[in-house]
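Have a look at the structure below, then the notes.
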Amino acid sequence: MSGSLSALVRNYVGGGWRHSSAAETLPIRNPASGEELGRVPLSGASDVDAAVAAAKAAFPAWRATPAPVRARVLFRFRALLEEHKEELARLLTTEHGKVLPETRGEVQRGIENVEHACGIPTLMMGDTVEEIAPGIDSASWRQPLGVFAIITPYNFPVMIPLWFWPYAVATGNTVVLKPSEQDPLTHQRIVELAEEAGLPAGVLNVVHGGRECVEAICDHPGIVGVSFVGSSRVAEIVYRRASAAGKRVQALGGAKNYLIVLPDADMDVALEACHSSIFGSSGQRCLAGSIVVGVGDAHPEIRERMLDAASSIRLGNGLEEGTDMGPVISAEHRDRVKAFITQGEADGARLSLDGRAASVKGLEGGYWVGPTVFEDVAPDISIGTEEIFGPVAGINRARDLDEAVAMMHGSRYGNACSIFTTSGRAAREFRYRAGISMIGVNIGVAAPMAFFPFGGSKGSFYGDLKAQGRDAVSFFTDQRVVIERW
Ligand code: NAD
């Protein structure tokens, strides 16, 4: 057992909880108080080697396990996740900081991926064509490839690993998971539940660490593919390094998402959606809105109502009823977000609500940034171009939809965008021209469900097959085509 809040988090290798060989460890803290919850080892190449060896050894028997039997393990795992939903959500709030309704939602999104992966006997079906030439038939089979590595970020430490590993193991592969070193505890508990569900030893392995561990994964000859989610800077590094080592790679990166409000929008819907998109999870979502563009007459109303709503957000411990917004993940990240705010002001954007001085009584050791609103954010200053990943809104004005879309297209990112309108024609036009992968129409967080692909474009994504759904099944299998004459 890992022990959910044990002092030193252990790796999970070949079905056993093992101490990492790393000498260096980092604290895992409750971001609402700064209290240390445990320590995580910074595992290196030898720990990755051990995990890959265990995964490799487990592969032949797991591949030979019939697909419906593999699916049955996931059915049991799904039931255990459901049974432990509240426990997982509370643990997640304790190590991540976001409020309980958000962590309950995250666990639910994770469960939905497990549910989808339970359908693997159908999802893995190939194609057949009879008589491709006289007396000759052809068919394709989807086959697993071996050991996959999965490297995940801190902001959805339950859901994001579940975008990948249930599909990887359902298709018959084995896995080495490298969770975020900032909040690894809830997924430790999830791995315990997977073990309880009957996932055989070595099918899923976990190695904790940071950069050195990731580099060892990218270079390891025993790993056939890597799924990565994190910042674009690291996504690009991992994509290049692991591809150069001959692996399949899908690397999902950062974002700068635009929310465009047209004058004919239902302003109540637009306000609620923009507000929760920007300030939900303290802005630490890859789908979070960053810049609201009020088009024409929409601007004065959305600006005034956004400012009002942002001013009334109650910061606090996410476990407590009535808290709207929790802390950000770490002291370092809090300082980074505050530095963006200071720079934005110095660069000439109008700071209409300043969250830098926020604190919470009795939780002075927490990592607080209050809701912050900038107006007139020039596209070439740092708060206009960079992903801030904190509760910071920009509110801009555009003459018309063309100008708003041009602003959006100025971003190097292409993760998500939304339009608010009652015009089907404007919405259709937006969808056609957006050039961005996840599009909301009167929706502030356009998060694809488990049976749709999740991932961006431009600087938000490196690779081709995305997370979840059919893309995941394709990523974790190769199609072998057989041509037969008898
Ligand atoms: P991060 O890039 O700092 O870390 C992600 C992973 O990479 C972690 O496991 C970390 O240990 C590892 N890592 C960090 N630095 C490394 C380095 N120099 N070399 C090799 N590995 C390294 O990201 P984060 O701060 O944990 O997460 C937030 C980021 O993730 C944001 O940019 C957010 O937009 C992005 N994200 C994207 C999506 C998406 O779907 N596109 C989803 C969630 C989060």
Exercise for the section: Pop out the ³J(HN,Hα) list for region 446-462 in order, Karplus 6.51 cos²θ - 1.76 cosθ + 1.60 with θ = phi - 60°, rounded to Hz; leave Gly and Pro as x. Expected result: 7, 8, x, 6, 3, 8, 10, x, 10, x, x, 9, 6, x, 9, 8, 10
Exercise for the section: Take the solvent-accessible surface of the protein heavy atoms, probe 1.4 Å, and return the percent of it on region 323-423 that carbon and sulfur atoms account for. Expected result: 48 percent
Practice task
Rounded to the nearest 10 degrees, what's the angle between the helix 67-83 long axis and the longest principal axis of the chain, both from Cα atoms, 0 to 90?
Solution key: 40 degrees
Problem - Helix 185-196 vs. the chain, principal-axis angle (Cα, 0 to 90°, nearest 10) - result: 30 degrees
Exercise for the section: Identify the GluC sites (Glu not before Pro) of region 25-114 meeting these criteria: DSSP loop state and at most 16 other C-beta atoms within 10 Å of the C-beta. Expected result: Glu35
Handout entry: Unit charges at the beta carbon, dipole of region 87-193: most positive-side option, Leu177, His96, Gln188
Key = His96
Completion exercise
With +1 at each Lys and Arg Cβ and -1 at each Asp and Glu Cβ, the charge dipole magnitude of region 1-130 around its Cα centre, to the nearest 20 debye, comes out at 300 debye
Completion exercise
Expressed in angstrom and rounded, the centroid-to-centroid distance over alpha carbons for region 197-247 and region 406-482 is 24 Å
Practice task
Please name whichever of Phe77, Ile28, Ala64 sits farthest to the positive end of the charge dipole of region 17-81, dipole taken about the Cα centre and charges placed at Cβ: Lys and Arg +1, Asp and Glu -1.
Solution key: Ala64
Handout entry: Whole-angstrom gap from region 86-146 to region 16-53, using each part's C-alpha centre
Key = 28 Å
Fill in the blank from the handout: Note to self: with every protein chain in place and a 1.4 Å probe, region 228-378 gives an accessible area per residue in Å² of 39 Å²
Problem - Accessible area (Å², 1.4 Å probe, nearest 10) - Met159 - result: 20 Å²
Problem - Debye, to nearest 20: dipole size of the chain, +1 on Lys, Arg Cβ, -1 on Asp, Glu Cβ - result: 1060 debye
Fill in the blank from the handout: Looks like region 246-343, by Cα gyration tensor root eigenvalues a ≥ b ≥ c and the a/c under 1.5 rounded cutoff (else prolate when a/b is bigger than b/c, oblate otherwise), is oblate
Exercise for the section: On a 0 to 90° scale, report how tilted helix 298-311 is relative to the longest principal axis of the chain, with both axes built from alpha carbons and the result rounded to the nearest 10. Expected result: 80 degrees
Exercise for the section: Taking just the C-alpha trace of the chain, give me its Rg and Dmax in Å. Expected result: 23.1, 80
Handout entry: Cross-link pairs beyond the 27 Å C-alpha cut-off, checked among Lys85/Lys338; Lys85/Lys361; Lys98/Lys361; Lys247/Lys466; Lys98/Lys338
Key = Lys85/Lys338; Lys85/Lys361
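The values are calculated or read from the model by the stated rules, or taken from the named source; none is laboratory data. These numbers were taken from a predicted model, which means no experiment stands behind them. Heads up, the Cβs are rebuilt from the backbone with ideal geometry, glycines too, and the neighbour counts pull from every protein chain shown. Just the protein is used for accessible areas: all its heavy atoms, side chains included, with ligands, DNA and RNA removed. Shrake-Rupley method; radii C 1.70, N 1.55, O 1.52, S 1.80 Å.
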